[in-house]
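**Student:** Structure in structure tokens, see below.
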Amino acid sequence: MAAVQGIVDYLNMTSDEALFQVWINIDNAQTIFTTVAVLATITFLMAAFGNVLVVLSVWMDPLRKLRSSPSNLIIFSMAVADLLVGVVASPLHAFWAWTLLHKYTNASFGFLKFFATLINVSVGHILLLSIDRFFAVVTPLQYRAKVTSKRVCVVSFTGWIYFLLFGFVFSLLREHYALMKILYIIQIFFILICIVVINVFTLYRFHKYSHRFDVPDDNHAGVPRQMILQRERTVSKAIAIVISAFLLCFIPWFMVQMIMYVCLTCNFSLLMPVHFIAAAVMYANSAINPFLYAWRLPKYKQTLKHLFKKRRCCGRYERREAVDHVEDTSL
């Protein structure tokens, strides 16, 4: 945050000291906190609702359609990370702003730095899903041999361990906050670039594959060609939505971070509210992931309908048993 150098010697201060000194020089801190609190509440509700349903659907899997697929195991692990981001990291972000606003000792900041790395866990799973889609499109015949449930579990578990260890070190090295924050930003930037490149290359290969077929002369033989083109449009639309949502959630935060580290003459009173709101929007990515990667798929919709139907049937059966019991006792 080179923009802070006009106020404090940022690089020579601990994280708590630097952020506290910056916050007390902001005039519209109350408005920032209110906005962050509202966004955190929305994120909490959406993330809790969507991700809990994903976790329950894959964990219970009553139709035996989800746990057998490696990609669904990635979605399950990402839903756990997004659930923790929504119900822990996002509210903690709002509480952190509140402690700074009221000039209290910011004891929550160390926990926030630890749980903020759950964002990296979630983004890492988006990268895994992009790689999974890449192999499914580019090498469909070797997909089942390359992408197995065991390999997915090993890679996912390794990602969890790495990012949680990084968060633990991040929360301990308070005297080297600037360096650790730069490493944190570089990690997200690298994963972001990889996700975009892999998805764009997947689209390119799928488009190239679909146009390898010549258009047949007779109408009956042209049906497979139409099916391929329809699938290409569907895949292209899905990838475009995923990339757009991902970039809209992360690019504002990333750009603000870069400006805060590079700009020496920027108005920090303007950058600070943008920084907090951009961070809240980044947390919101965990609330929309279930709808982008799970609930748009027919298997998840069928599983959810089955769970709700089973729940209603169980409720009716329990009520019927209660009525029978009352009738028996009355006799």
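Taken together, the values in this text are just the output of simple stated rules run on the coordinates, not laboratory data. Computed from a predicted structure; not experimentally measured. Glycine gets a Cβ as well: all are built from the backbone with ideal geometry, and neighbour counts include every protein chain shown.
**Student:** Longer than 28 Å from Cα to Cα, which of 208/237; 237/310; 150/237 are they? Say none if no pair is.
**Tutor:** Those over the limit are 237/310; 150/237.
**Student:** Between beta-carbons, use under 14 Å as the cut-off and find the net charge around residue 76, counting Lys and Arg +1, Asp and Glu -1.
**Tutor:** In short, 0.
**Student:** Could you calculate the contour length gain from residue 305 to residue 41, that is, 0.36 nm times the residue separation minus the distance between their Cα atoms, to one decimal place in nm?
**Tutor:** 92.3 nm
**Student:** Kindly state, to the nearest 0.05, the FRET efficiency for residue 244 paired with residue 201, given R0 = 30 Å and r defined as their beta-carbon distance.
**Tutor:** It comes to 0.95.
**Student:** Taking the Cβ of residue 61 as the centre, find all other residues whose Cβ is under 12 Å away and add up their charges (Lys, Arg: +1; Asp, Glu: -1).
**Tutor:** For residues surrounding residue 61, the net value is +4.
**Student:** Need the full-extension length gain, residue 150 to residue 176, defined as separation in residues times 0.36 nm minus the C-alpha distance. One decimal, nm.
**Tutor:** 5.6 nm
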